[in-house]
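Single-structure report; data block below.
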Amino acid sequence: MKALISALALLAAAPVLQAADTAAEPSLKQQLATTPLTGITIPTMTMDQATLGDALTIFTQQVEKQSKTGLKLQWVFKDLDADAWKHTITLNAKGQTAAKLLNEIRTQAKVEAKLEEHAIVIRPLTAPK
């Protein structure tokens, strides 16, 4: 009987523990509200005709490294393949904000970037919305 009561007590506590675990991770939109890309300075970033996929991978790594919170950007690609996209990115930047570098990547790649709740959505400038 004591074992049954102990098991019931553990089961009753389980949903509370799960709720605490899932509430711990804020969305990307919430993270960027507290740590905007304009507040993250990237010391150096160099790329020579990088694909969009490679450029965003390098950018993501630098943002995570340079942000105080270890910000991990998530990307969703609509209407394009980031590794086969025909527009390449060439950069040689020093001491620029992450916002400025993302804008330069976006401009050279001819894509738009829109922040959604859990990811930044990348699509061609001419893509249907």
Gained length - His87 relative to Thr34, 0.36 nm times residue gap less alpha-carbon distance:
15.9 nm
Does the range 26-124 come out rounded, prolate or oblate by the C-alpha gyration tensor, with a ≥ b ≥ c the root eigenvalues, rounded set by a/c under 1.5 and, if not, prolate when a/b is larger than b/c and oblate if not?
oblate
Give, in nm to one decimal, the length gained when the segment between Glu25 and Asn103 is fully stretched (0.36 nm per residue of separation minus the Cα-Cα distance).
25.4 nm
What is the calculated FRET efficiency for Leu125 to Val76, with r their C-beta to C-beta distance and R₀ = 22 Å, to the nearest 0.05?
0.85
What spacing in nm lies between the two simple spin-label points modelled at Glu64 and Ala113, each 7 Å away from Cα in the Cβ direction?
1.6
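Every number here is computed from the coordinates shown, using simple stated rules; none is lab data. Quantities reported herein were computed from a predicted structural model and do not represent experimental measurements. A quick note on method: Cβ atoms are made from the backbone with ideal geometry, for glycine too, and the neighbour counts reach across all protein chains shown.
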